[in-house]
1. Of (1) over 22 Å from the mean Cα position of the chain (by Cα); (2) among the aliphatic types (A, V, I, L, M); (3) assigned to a helix (DSSP H, G or I), ILE199 satisfies all except one. Which?
2. Report the residue count in the range 354-373 for those that are part of a strand (DSSP E or B) and open to solvent by 20 Å² or more (accessible area, probe 1.4 Å).
3. Need pairs with beta-carbon distance below 7 Å; first residue closer than 16 Å to VAL129 by Cβ and within the range 141-154, second surrounded by 12 or more Cβ atoms within 10 Å (Cβ to Cβ) and of a type in the set (Ser, Thr, Tyr); sequence gap 6+ or separate chains.
4. Would you pick out the residues in the range 116-149 that are on the phi > 0 side of the Ramachandran plot and at pLDDT below 85?
5. If only one of SER229, SER184, SER222 is surrounded by 13 or more Cβ atoms within 10 Å (Cβ to Cβ), small (Gly, Ala, Ser) and either over 24 Å from GLN152 (Cα atoms) or modelled with pLDDT of 90 or more (or both), which one is it?
6. Could you check the range 307-333 and list, in sequence order, the residues that are open to solvent by 60 Å² or more (accessible area, probe 1.4 Å) and either under 21 Å from TYR422 (Cβ atoms) or in a helix (DSSP H, G or I) (or both)?
7. Do we find a residue being loosely packed, with under 13 Cβ neighbours inside 10 Å and part of a strand (DSSP E or B) anywhere in the range 334-353?
8. Would you say SER384 is open to solvent by 40 Å² or more (accessible area, probe 1.4 Å) and either modelled with pLDDT of 85 or more or within 29 Å of ASP236 (Cα to Cα) (or both)?
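The values are calculated or read from the model by the stated rules, or taken from the named source; none is laboratory data. No experiment lies behind these values; they were computed from the predicted model shown. Please note: Cβ atoms are built from the backbone with ideal geometry, for glycine as well, and neighbour counts cover all protein chains shown. With ligands, DNA and RNA removed, areas are computed over all heavy atoms of the protein, side chains included. Shrake-Rupley method; radii C 1.70, N 1.55, O 1.52, S 1.80 Å.
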Amino acid sequence: MIKKYFVQYAICFLLVLAAHYLIKTLLSDDHGSSYLLITGIVVFTTRYLGKGPAIFSTALATILLLWPLLSGSLSLSLNECILLLLFIAECGLIIYLIPGYLKIDKEAVLKGLRFSRLVEKSADAFILVNVKGEIKYSNPAVHQITGYAIDQIPELLIWNIIKEEDSRIVKEQFYKIASHEEKSVTLLHRIVKNNGELIWVENTMTNLLNDPSVQSIVLNLSDVSARVSHEQEMEDFLAIASHELKTPLTSLKAYTQILEMRLKAENNTNSVLLVSKMDRQINRIISMIFDLLDVTKLQSGILYLKKDIFDINDLILEVAETLGNVNKNHQIMLSLDETTKLYADKIRINQVLVNLISNGIKYSPEADKIHISTRLETDKLLISVTDFGIGISPKEIQNLFNRFYRVSSVRESYQGLGLGLYISYQIIEHHKGKMGVFSEEGKGSTFWFTLPLEKEIDEIPVK
């Protein structure tokens, strides 16, 4: 270590002496050129040797420049004194600033190397694509997932490896995010491997065209074929089970209603009460089966909307009255904006309202009110259902609209499949609306959704 410092300071000493010699012999003590030469030495020593040697170089150069003055053989004018002070200040600034820039530059290089290593070793495929769809870079995982040789990939357009039936949707989203800086979208689609095999990938596309270090749209592909296959098996099972259960349960309900009518005719009050309870449980099972059927339709993309023109306020009043008559312990309060016609699937919107209001009643056993409000906005209608019940923790809200998800605090106390909110969310999405929730534990929740307003609804033909 001592040897290293000795060599550094020796180099500084020799450089300054050499500069001083040049100043005396070649530059004829020209102050401007002298200061420029020594400043260069200070920059060099700061950059490659560090602060200590740079300060040493500055001090030594200053002493040599001032030596004639110190020996009494020369006097400095005011301008020369100012120039010397500026030189010393400039050297000090260089010594102060350069190490900071070097540190930032070093950290940036290390960060880039670290990121590069992570990308190269990642099991996920990363592809950089320009706006024409030309592949500019691909990491080794792309070769593993697609089966193409590394030297083959740059010769392809990204559309060459995407299944033709899925290409239109991917292109649509690709060009949509290409016009929005740093916008990102995630898609599930198929790609065609080099051997012709189809696999499912989850593709997250991010627009980094304006990032100088990337200048591409980044595609992050993960092979999710196993997950998709498992989900498809589950959906097939649910579809078959739901259809098989639906017919006998419908018959059972019909027989129950006939039995209830006969018992009522015989004034057998106790038996009527038991049959009535049985009928409610059958209704509950049928409701679950219809939820399962809806899920399979949504996953298969065959949830068709039967749109028509209707008054949303009339529908809300109808749902509130029906549920209010069934649930006497809760008062359903309404705060509705002016009457509004919508072009939507009335049955499906009714399903969403019933689900949200029923949940509000179910999860607020200690409260006695449910509040429903509507608000007209420029191009949409906002509908809110507020309860004053148990509420939802912030960490669980993000999963609330997922399939089969149930809030942990209610799993034991309340029965259900965790499909109602998922189905409601998807129905609103199919209407090109939005759904969300505001909630606070112990104080209640407000579930809201929006529905777009048709600009020329009067011109839509009534079916």
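1. (3)
2. Adding up the residues that qualify gives 3.
3. Every condition considered, the pairs that remain are ALA141/SER122; ILE153/SER138.
4. Restricting attention to the range 116-149, the residues satisfying the condition of being on the phi > 0 side of the Ramachandran plot are 133, 147.
Answer for the range 116-149, where residues must be on the phi > 0 side of the Ramachandran plot and at pLDDT below 85: just GLY147.
5. Working: SER229 fails: surrounded by 13 or more Cβ atoms within 10 Å (Cβ to Cβ); SER222 fails: either over 24 Å from GLN152 (Cα atoms) or modelled with pLDDT of 90 or more (or both).
Criteria check complete, one pass: SER184.
6. The first filter runs over the range 307-333 and keeps only residues open to solvent by 60 Å² or more (accessible area, probe 1.4 Å), leaving 314, 317-318, 321-322, 325-326, 328-329, 331, 333.
Correct list: ASP314, LEU317, GLU318, GLU321, THR322, ASN325, VAL326.
7. yes
8. Values: open to solvent by 40 Å² or more (accessible area, probe 1.4 Å): no; either modelled with pLDDT of 85 or more or within 29 Å of ASP236 (Cα to Cα) (or both): yes.
No, not satisfied.
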